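The structure appears right after this line, and notes come after that.
Bear in mind that the values in this text are calculations on the coordinates, not laboratory data. Note that this is a predicted model, so its numbers are computed, not measured. Note: ideal-geometry Cβ built from the backbone for every residue, glycine included; neighbour counts use all protein chains shown.
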Amino acid sequence: MNVLLVYAHPEPTSLNGAIRDFAVQRLRDAGHNVQVSDLYAMQWKAQLDAADSKARPGDAPFHPSLDSRHAFENGLQSDDIAREQAKLRWADAVILQFPLWWFSMPAILKGWVERVYAYGFAYGVGEHSDERWGDRYGEGMLAGKRAMLVVTTGGWESHYSPRGINGPIDDILFPIHHGILYYPGFDVLPPYLVYRTSRVDDARFAAIREELGERLDTLGSTAPIPFRPQNAGDYHIPLLTLRDEVAPGTLGFAAHVE
Ligand SMILES: Cc1cc2nc3c(=O)[nH]c(=O)nc-3n(C[C@H](O)[C@H](O)[C@H](O)COP(=O)(O)OP(=O)(O)OC[C@H]3O[C@@H](n4cnc5c(N)ncnc54)[C@H](O)[C@@H]3O)c2cc1C
């Protein structure tokens, strides 16, 4: 497989750096082609702004999504954005690796998503009618590809358990899993998590290598999280609420998983 690892940590000698090095080696040893987008090393520009287009439409005020569509449709995107889109097209599987910072991804990775996920590439795709509401949530440009998060947290596993103080990890990651990965079409695999990072020593790192190695070895076969496709009948269109008979009584994020 072609695997793209998008990596967001500023320090190569960090735990995340060691995990990245291990993952790349493991994937290459298994015969996969691997590309790494090391966002800090690339000095990735995190902010989405008017400089993302090589030629803006007229002298209209900058409009984040309309400018994005114009640049995407006319081959005017800045080169860094176009390069990352080419890597996504190339990839069969994408891994986003990052430390959990303030209950989400580091800003530099959020900025990668905001800029690379252009209008026409990751959203605003497909027919909008009474039967379909675009190619998204299970359909879209990235359909057929797999995606997985590799995330480290300072908090303990219990802090992220169903009754833990931080909230369940599945809920915390839902906006990334469902909103960022499933939305443009990825099959989203269960995440690999390293909790309580301050306690990682050589023995624990050996266990991480073992567990993560297994996840990487099964990247092509692990069953994805069964999110409900938008256009397959579970949702009223265009309200996009679940039909009453689907998961009756279940509310919130969990209702969108079969
Ligand atoms: C801005 C910010 C916001 C944060 N928000 C959250 C949050 O919302 N929720 C949360 O849970 N946490 C949060 N944290 C904590 C954060 O998630 C952790 O600090 C991070 O996941 C640790 O990853 P690291 O790669 O930076 O680890 P490092 O600090 O590099 O390493 C962690 C431990 O691993 C050991 N180690 C490193 N490399 C190796 C190796 N090769 N072999 C064996 N051991 C090794 C180190 O000795 C160290 O003890 C936040 C931190 C910051 C800075």
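Table: residues versus (1) under 24 Å from T152 (Cα atoms); (2) not charged (D, E, K, R).
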{"residue": "A8", "(1), (2)": "yes, yes"}
{"residue": "T13", "(1), (2)": "yes, yes"}
{"residue": "N33", "(1), (2)": "no, yes"}
{"residue": "R56", "(1), (2)": "no, no"}
{"residue": "P64", "(1), (2)": "no, yes"}
{"residue": "W90", "(1), (2)": "no, yes"}
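For S68, the conditions (1) touching a His at 6+ places or on another chain (Cβ under 7 Å); (2) farther than 20 Å from P106 by Cβ are fulfilled apart from (1).
Per-residue answers, yes or no, for (1) part of a strand (DSSP E or B); (2) touching a residue at least 12 places away in the same chain (Cβ under 8 Å); (3) surrounded by 15 or more Cβ atoms within 10 Å (Cβ to Cβ):
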| position | (1), (2), (3) |
| --- | --- |
| L5 | yes, yes, yes |
| P10 | no, yes, no |
| I19 | no, yes, yes |
| Q25 | no, no, no |
| G31 | no, no, no |
| V36 | yes, yes, yes |
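Only a single item in (1) surrounded by fewer than 20 Cβ atoms within 10 Å (Cβ to Cβ); (2) hydroxyl-bearing (S, T, Y); (3) over 18 Å from the mean Cα position of the chain (by Cα) is not met by S68, and it is number (1).
For segment 151-181, filtered to residues that are in contact with a Leu (Cβ under 7 Å, 6 or more places away or on another chain) and aliphatic (A, V, I, L, M), the residue that is farthest from V200 (Cα to Cα) is I176. Can you tell me which residues in segment 230-250 are buried (at least 16 other Cβ atoms within 10 Å of the Cβ) and either within 25 Å of the chain's Cα centre (by Cα) or not in a loop (DSSP other than H, G, I, E, B) (or both)? Correct list: Q230, N231, D234, Y235, L242. Note on segment 5-20: among residues that are under 20 Å from the mean Cα position of the chain (by Cα) and more than 8 Å from the ligand (Cβ to nearest atom), the one that is farthest from W112 (Cα to Cα) is R20.
Condition test on L96, is it surrounded by 22 or more Cβ atoms within 10 Å (Cβ to Cβ) and out of contact with any helix residue (DSSP H, G or I) (no Cβ under 8 Å at 6 or more places or on another chain)?
On the way: surrounded by 22 or more Cβ atoms within 10 Å (Cβ to Cβ): yes; out of contact with any helix residue (DSSP H, G or I) (no Cβ under 8 Å at 6 or more places or on another chain): no.
Here the answer is no, as L96 does not meet what is asked.
Evaluated against (1) free of Cβ contacts under 8 Å to residues at least 60 places away in the same chain; (2) in a strand (DSSP E or B), G154 falls short on exactly one condition, (2).
Among the residues of segment 85-124, what is the count of those that are among the aliphatic types (A, V, I, L, M), away from the ligand (no atom under 16 Å from the Cβ) and either free of Cβ contacts under 8 Å to residues at least 40 places away in the same chain or in a strand (DSSP E or B) (or both)?
Within segment 85-124, residues that are among the aliphatic types (A, V, I, L, M), away from the ligand (no atom under 16 Å from the Cβ) and either free of Cβ contacts under 8 Å to residues at least 40 places away in the same chain or in a strand (DSSP E or B) (or both) number 4.
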